[in-house]
Structures are given as C-alpha cells and as structure tokens.
Amino acid sequence: MANTEIIGKEFYENLGKLFYAVAMADKSIHTKEIDKLRTFIRKYWLDVDEVEDEYGEDAAFQIEAVFDWLLEYEKNAYECFEEFQEFYKDHQRRFTPYIKVLILDTAHSIAASFSGKNKSELVLLGKLGLLLDQ
C-alpha cells in the first residue's frame, strides 16, 4: 500500500475518532447523531478523494467503521479528540480549506441533530474550530 493510501486511511480513521468525540461529548450518542454522520459520509465524504481501503472500498467508510467500533467499546470522547488533534498536527497539509469546512459542517450537523447543541458539544466544537483555524 502506498504511503499516501496509508495516510489517507489514517485520515479517515481519525475523522471517525473526531466525529465520535463530538457525538459522545455529552456522554451519550443518539441514533439521530449516527444517522446524520452516515448521511454526511454518503453525501459528501465519498467524493473527497479516490483512496480505497485494503478491500477496495472507499476509505471514507473508515469514518463509520471507526465510529461504530468506538461506540461499541464506549471509548472516551476526550481521548478520541486528542488523538485526532495529534493526527491533525502531524498532517496539516492533508487538511485543505475545503476539508476543514467539511469537517466543521459535519461536526456541527452531528451536534445539532438531536435537541440542538449542548454545552459539552459547544466546547468541543469551539476547540475544533480553533484547531482548524491555526
């Protein structure tokens, strides 16, 4: 697998961690948040690039796979955000202005999908906005 494909797969895996962190910021995930994420993956993320996983599937589906795995094992939202933050710092060139906007749109949509954005989600979204604005 080429280095760009490896980074591409890691890119989507880390987006799964980020979007899980947003949904889990308030210590619970509602089905509407999962549905919103899946809608965004199919509507926007599949068209971002041509990177595929080892099974020939669009690597963007790694977002959903990682999200589901984290949900199953009830991982800590803060730790997931920290992992995304480290990946972002190490690979900032991968994050084009378009990707940053798409990340923010996806995160805000997930947070707003069930009863609007609560304080925990707003704090995390603020941190994300500051990180991506650097």
### Task
Select from segment 55-100 those GluC sites (Glu not before Pro) which occupy a DSSP coil region and have at most 13 other Cβ atoms within 10 Å, ordered by residue number.
57, 74
### Query
Any idea what the dipole of the chain comes to, in debye rounded to 20, about its Cα centre with Lys/Arg Cβ at +1 and Asp/Glu Cβ at -1?
760 debye
### Query
Can you tell me the Rg and Dmax of segment 3-132, counting just the alpha carbons, in angstroms?
13.5, 41
### Query
At 222 nm, what helix-only mean residue ellipticity would the chain give, in deg cm²/dmol to the nearest 500, using -39500 (n - 2.57) for each DSSP H run of four or more?
-22500 deg cm²/dmol
#### Entry: Kyte-Doolittle at least 0.0, axis length at least 30 Å by Cα - qualifying DSSP helices, the chain
3-24
### Task
May I ask you to list the chymotrypsin sites (Phe, Trp or Tyr not before Pro) in segment 55-134 that are in a DSSP loop and have at most 14 other Cβ atoms within 10 Å of their Cβ?
55, 73
### Query
What's the FRET efficiency of residue 93 with residue 73 using the Cβ-Cβ distance as r and R₀ = 41 Å, to the nearest 0.05?
0.85
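FYI, it's all coordinate maths here, none of it is from the lab. Small disclaimer: the values here were computed from a predicted structure and weren't measured. Because the Cβ atoms are built from the backbone with ideal geometry, glycine has one as well, and the counts that use them run over all protein chains shown.
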